[in-house]
Structures are given as C-alpha cells and as structure tokens.
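Here's the structure we're looking at; comments come further down.
The values are calculated or read from the model by the stated rules, or taken from the named source; none is laboratory data. Model, not experiment: these values are computed from the prediction. Here the Cβ is made from the backbone with ideal geometry for all residues, glycine too, and neighbour counts use every protein chain on show. The accessibility values were calculated without ligands, DNA or RNA, using every heavy atom of the protein model including side chains. Shrake-Rupley method; radii C 1.70, N 1.55, O 1.52, S 1.80 Å.
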Amino acid sequence: MASSSTTMRFSAASTGAEAALPRRSSVAGFIGVAARSSAKSRLRFIGRNANLSLRMRRMSSFSVVKCVSGSEAKVQDTVAKQQEATTSLSSFTPDASSIASSIKYHAEFTPLFSPENFDLPQAFLATAQSVRDSLIINWNATYDYYEKLNVKQAYYLSMEFLQGRALLNAIGNLELTGPYAEALSKLGHKLESVAYQEPDAALGNGGLGRLASCFLDSLATLNYPAWGYGLRYKYGLFKQRITKDGQEEVAEDWLEMGNPWEIIRNDVSYPVKFYGKVVSGSDGKKHWIGGEDIKAVAHDVPIPGYKTKTTINLRLWSTKAASEEFDLSAFNAGRHTEASEALANAEKICYILYPGDEPIEGKILRLKQQYTLCSASLQDIIARFERRSGANVNWEEFPEKVAVQMNDTHPTLCIPELMRILIDVKGLNWKDAWNITQRTVAYTNHTVLPEALEKWSLDLMQKLLPRHIEIIEMIDEELVRTIIAEYGTENSDLLEKKLKEMRILENVELTAEFADILVKSKEAIDIPSEEQQSSEQAEAEDEKDDDEVEAVAKKNGTDESSIEDEKEELPEPVPEPPKLVRMANLCVVGGHAVNGVAEIHSEIVKDDVFNAFYKLWPEKFQNKTNGVTPRRWIRFCNPDLSKIITEWIGTEDWVLNTGKLAELRKFVDNEDLQVQWREAKRSNKVKVAAFIREKTGYSVSPDAMFDIQVKRIHEYKRQLMNIFGIVYRYKKMKEMSAAEREANFVPRVCIFGGKAFATYVQAKRIVKFITDVGATVNHDPEIGDLLKVVFVPDYNVSVAEMLIPASELSQHISTAGMEASGTSNMKFAMNGCILIGTLDGANVEIREEVGADNFFLFGAKAHEIAGLRKERAEGKVCLNTHVVHFTYCET
C-alpha cells in the first residue's frame, strides 16, 4: 500500500503476483468515510439560509425548539392542537393483514389494469398506491403544520431529480418493510419481485440530479420545511441500448403505465409567456404583452423522511396549452398539424431532458424549459407567501420566509423573473426588489469547465424573453457601476480588464454613460515621450509612402488607388463576436451566497472561475461538500451489510447518526466480522453476476475481483484511459503462458456503465470502443475468467444500487481539478469498496478520512495540470507517462 506521502505507481515490468485486496482496508476505509458523512453529508444549506426559522425535532411529535413569530404560549397551543388533529391518522401502525386489504382494495377500485389478473405489474401499482395512502396522511399533516406556523421554507430548484425507484425507499422510511413483505406473501408475491417492476423515474441523468434527490431525503429526515421544484419529463434523457454499433438512444417509457406516486394538481397551474413585446402603460409600469402563452400544471410527489412523520414535496411541472388554442376550423378543414401546433409546442417543452441544442430550435426549447421551471415555481412560491401572510403582505419579509437555492445555472432566470414579478406585478421599486432578490436567492456551482458555464445568445433571449433582457441589462449596469466604484478610473487597463471579466453581458458595448468614463480615463493617461516619438515617426513614414505613391501615379498616368491595391491587399474582415448573457455571472451577482461542492472545487471557484467576484465579495463564497443519504445507499441497497453493522454496533442509530459507525473500529481485526463482511460482499456479487448475464449475455465469476467505473461518459472522466489500461493488461496476458497468467493476475471483471450525451460524438466512440474490447476479451478462451469486460446498458439509480454493494475496486480517475465533487465515490466507499482516484473533487476529503493506506492515489495533482498541458503542447512527452497510463490498474 502507498504511504501517505507517496503516489501509487505501477511498472509494466512488474511480474510479481497481484495481491488480493487487503481484508482490513475495505472495513477500515468504510468506517472512515461513512463516519465522516455525519458531518459532511448531512444537509448544509447555503449561508444565511441556515436560519430556516425553525429548528425542528422529530415531526412525529411536531415539537418546536425555536419559532420566529408568535408567543411561546401560542406555539405550544398550535402544537397541541396539531397533535390532537393528527393522532387519529398517524398513530395507527398498519399490520400485514390491513396492508394486504389495502393492496386488494387498490387492485379492485383504483386499477390501471383489467381486474382479471393480479400479476406483478398490477401488484406493484396496487402496492405503491397503498403506500401512497400512508404518505398522504403525513404529507397533509406536515404542510398543514407549516401553514399554521408560517415557517421559513427552503425551495430547491433543479433541472434534474434522479430519484430512482421509490417503493422500497418509502416503506423503509415508514418502517414497514416487514409488514409489506408479509402482506405481499399472503397475496402470492415476493416484495423484491414486486419492487423490481417499478421503472426508475426518468427525471435526471447524473450527479446533479442524484444530489438533488439526496438533499430532499435529508431535508425530510432532518425535519426541515422544504420543497423541491423540477420538470416532469415525459421521455426522460433517453433509454440506452448497446448494439454492435455502440450506444443507441430510445425514448424512456417510465410513464407508459402511469406514475402511482404523483398527484396531479389540476387546480394549481400558472401562465408562462414567451416572445411578445414590452410596452409602458399609462401608470408608468412595464407590461409584457402578446406572444405565446402556455400553462404549467403541478404534479406532486411525496418525499418521506426516515423514522419521522415529516413528508415533504417534490413539485414537477408539465406544460400544456389552453383548449381554445386548438384550431377546430383548421382541423375540420384537414389541416390537422396546423390545428394542433400550439398544443404540440406547449407539450414538447417537457418531452425530454436536455434536448440537443445544436440547431436553433434546440436552443429555444432548452431556454423555454429553464424559464418554465423558474416562472411557474416562483409564481407558486409567491402565492404561498401571500396566502400565509394573510391580509397584510410585507414584501420586506419575503427573504425571511423564503430561501431559493439554484442547483447550477439552469435556474438562473429565477433572478430576473423574481425582479419582474416584484416590479411589474407587485408594484415594488427597483431598489427594494433588487434587495429582496439578492437576499432570497443562492447559487450552487457544479463545474469548473468553461463550456458548462452557461452562456445564452443575447439576440435569442431578446426575442424569447424581452422583459427579462431589459432587467438583465439594468442588473449589468448596476454591476458596472459597482466595479467602477471599486476600482476607480485611474488605471483604465485594470478597469477595462475587470469589466470584460465580470460583466453579465459579454461582447456588448457599454452604455454612453460608462463608455464616456472609460474614454476619459484613457485620455487622462499621458503617452510616454518615447512612445510619442515612435508614433510621430510612424506618421512621417506613412506620409513619405503616400508621396511615393503619388509620384509613381503621375509618372505612369495611373490612378493612385490601383497602386495602393497592388501594394497591399485588404485583410479579411473579422466577424464580430457573438453577444452573450453569462448566466453564472448573473448567479453570482444576483444571489447572496455561492458555494462549491468540495473543498478543492470551492478553492478553484475562488481562485480561478470567479476570482474577480471573490475579491469583490469574499463573504459570498463558501464550501458545501456534497453528500449522499445513508438510507438509500447503505441501509436499503445493502441489507446484508446493514444487518452486520447493526449487529456489531448494537444499534440501528447509525442510519441517522453515521458518526456511530466509528464504533466498528474496535472490531476491525475481528475474524468473525471479516468473515461476515466477505460473505455479504460475495452475496451481492452473485446477484450482480446474474444481472450481468441477464442484461449482456456474458457470464462472470463472483469470485473474481469486481473493478467498476460507472458514471456519465466524458473525456475528463477518463473512461478511455481505463479501457486503454485494460487493453494493455489483455496484451500482457496474451504474451504469457497459461501458467504465467495464473501466477501473475488475479481474476478481474471490469464493469463500465454510463450514458454518453446523444450529440457527444467522442463519448459515444468511447462506449463503442469499450463494448468492442469486451466482445474480443470475453470470447477469448485462453483468457477465460481471468479478465472480463462488461458495459452495463442503461445505467441508472437502480443499477447503481445493485453494482455498488458488490464492488471491490472503483475507479474515480478524472483529470484533477475538473470533477467538482463526485458522489458515487462516497457511495462506493460507504459500501466497503477501495477507491483508485486522483486528488480531485471529494476524493481529497475521502482520502483524508479513510487514510492514505486505504486509497490508491493516481495521477497528477490539480496544480500540476497546467504545466503538464504546456509541456505536451511543446512536444515534451515523458516515455514513463505511457507506463503510468496503461498499467496503473496492476493492483
């Protein structure tokens, strides 16, 4: 193992037998990272949102530690009444017989299938509807309580919520797993088989969406008043199929049989406008009129906390046009497509996640999606604030009752939209509206990649959202004014640099007011005498050239202009750079807090990505290392390991207080614990081997080491380097005799999974290469079980819940400084897996916690990357680099 001060290196010349993963390391490493998650993985809401008005104990008793408004006596009276009102509903604990009756009731009276059969799909839907009944009781009680106390509420806006399956998580949080298993057994089914029928909700793709879902679980479990907002994608991102040609994308079908968890709120809908124009009314207010109007309709999904009555809400928006938009006369005239055009344009906004944005139509659709999320959600939030405020609405109190968290830059339009509503609809002045907006909104940055920091065409936004561009231009002017006040006008070069770097509007000329200031600043600087002399000398030479041209023209009787044309061809005109709106800059300016999602990432955000803003407003910038919920990612997805932990610790409290896992340290060398640990791991591997056979047709041995890299396919995540290492391993094996192979290599199954974005050509080539390597290696009889390469199709949360508990080595080898955090690394470590990784994202903090001996460190550090790139560009390539790249996995 590597010492804390060295990096693991592996030589191509190494011939020593591979050592199996050490017994102790997986246990000790697990304890370190999981114990830390109590401090690092729990909910950490941004900065000033920490005071969410109430600090709540268990919602099962609805007791309050601190309340912002109302006397203590009134609060106690409210709590007592609430307890009394909910006792009859929430104190009843269902047994297996009552649950079976509930399932049978739903199968008969709320069916989505014909009643002749009670097969697995019908059993799942009836079971889910039965669970939903329990959730609705807690859900209604939770929000009735919030309404009465008028608490401050957090709202988490995200384009993705990667929920996964909900059934096992819901009954686990309700502590009803046993009764439901028994009830379904009475009805002729196994709980696991029924749960397997549930499709993953196709509402996300990667870590961004999974983090959002983990946050909701933690918010509910920790009894915070909170709500999630997203879009209800009909066809998701895509369902991935692997063919001989690589990845193939087809539409998700997760809603084909209906979604038993959601409740459609037909009475909760809001208008959303696109295009049109802005006019000034006689009252002096701006009015956005005309254009295209759609409706956003609410679909609510209950999110239960663990061992608590608290059940919060994920509100998803679908889009539609009003019925009168259907052109009946055109339809009857045979122009069917034309008749339903308005309806189709509205509905397609929520068809898929991240539609391809190469064509202008894709860009428009993406921008429509982002604005729909922001507009509908803010209208809903404001309506709730007004309802809770009663007759006396005090807008100054809005930030004391509302916290809006923007998950990456997709919800950036929250800022101008909140300003629009406050100024144009509610009648506030600019100063008050801007103050309220900045105190309400906060921003989580998820990337340091320049191409991922969203920029939108100013012209496109001007057409689609004309009022918002007016507001953004005014915010940009406020920012320019602040920059000039901060840096002064003495140093025009510095001022120009800061304006270019920090402005929200890129490649857009300054207004006359500020342009004059910059010109005057430049004019105030005296030209040095040497430069002035050079300038005068150049002018004299130009005059001399002109005289020569004139003399030649007179002598030859030709036109001067033709001689000039012969003398010098005019250069090609340089196209004007596009005018853009920098959404990340708008987030920083418009919010009160900016956070990165790992310690190293947050430092890069301050030192590089937003350095100028950090120097201007250092108090805004924070770190909030991502986390994962131990309920889904240990307790429910790995029941064998959970049972062992509970048995050795003597309590199940670790599920809520992961710091208690540190008690396992005293048993780390206990042989009985190690035997149980290995048995649990092998049991999980047997399940994965069967799953791989079902999905790919390949047979793998559960006794081989499972080496896994599952994540979104991207060049910086370096799946390509991993598969190159496997090709090298295969090549070395082929050069050996059978006896040498057996002596030098431990049997290994290399498992890949992840989706390549549909238009990301290089990522799709990587998928094709991996599957081609697998087809070659897996059919080689000489290699047999010593090496297998598997690409698991359609990787999602449910697949992760199966693979992660079975993992023994996991690859997190992104180029240092490019992975914001990563959360799969935490999930693998929490399930007793050794990581090989770069010092990137949360890997840094995981390694600190588990210890260097339990983490295989690989690759350059973040601060070394720029120098290495410069050397490569200059052709300085060290031959040893190839050794490291291709043989690092000789573990």
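Pairs exceeding 29 Å between alpha-carbon atoms, taken from K152/K277; K244/K455; K363/K764: K152/K277; K244/K455.
Over region 464-525, what percent of the accessible surface lies on carbon and sulfur atoms, probe 1.4 Å? Spell out each step's value before the answer.
Details: 1560 of 3140 Å².
Carbon plus sulfur share of accessible area: 50 percent.
I'd like the distance separating the alpha-carbon centroids of region 817-865 and region 112-177, in whole Å. Result: 35 Å between the Cα centres.
Average accessible surface for region 671-780: 41 Å² per residue, computed with a 1.4 Å probe over protein heavy atoms with every protein chain in place. In the structure shown, the pairs K711/K734; K643/K827; K104/K190; K732/K788; K295/K431 are assessed against 19 Å; a Cα-Cα span above that value is assigned to K711/K734; K295/K431. With the whole protein complex present, C750 retains an accessible surface near 0 Å², based on a 1.4 Å probe.
The Cα center of region 430-501 and the Cα center of region 270-335 differ in position by 27 Å. Separation of region 352-391 from region 405-426 is 9 Å, based on Cα centroids. Taking packing as the residue-averaged number of other Cβ atoms within 10 angstrom, the listed peptides 304-313, 231-240 run from highest to lowest as 304-313, 231-240. Peptides 485-495, 615-625 ranked from most to least packed by the mean count of surrounding Cβ atoms within 10 Å: 615-625, 485-495.
Suppose the chain between T177 and K148 were pulled fully straight at 0.36 nm per residue; how much longer would it get relative to their current alpha carbon spacing?
Numbers: separation 29, 0.36 × 29 = 10.44 nm, distance 3.25 nm.
Net length gain for the segment: 7.2 nm.
Highest average first, the peptides 497-508, 823-834, 270-281, 839-850 ordered by how many other beta carbon atoms sit within 10 Å of their residues are 823-834, 839-850, 497-508, 270-281. One quarter of the surface of the convex hull around the alpha-carbon atoms of region 639-860 equals 13.2 nm², the direction-averaged projected area.
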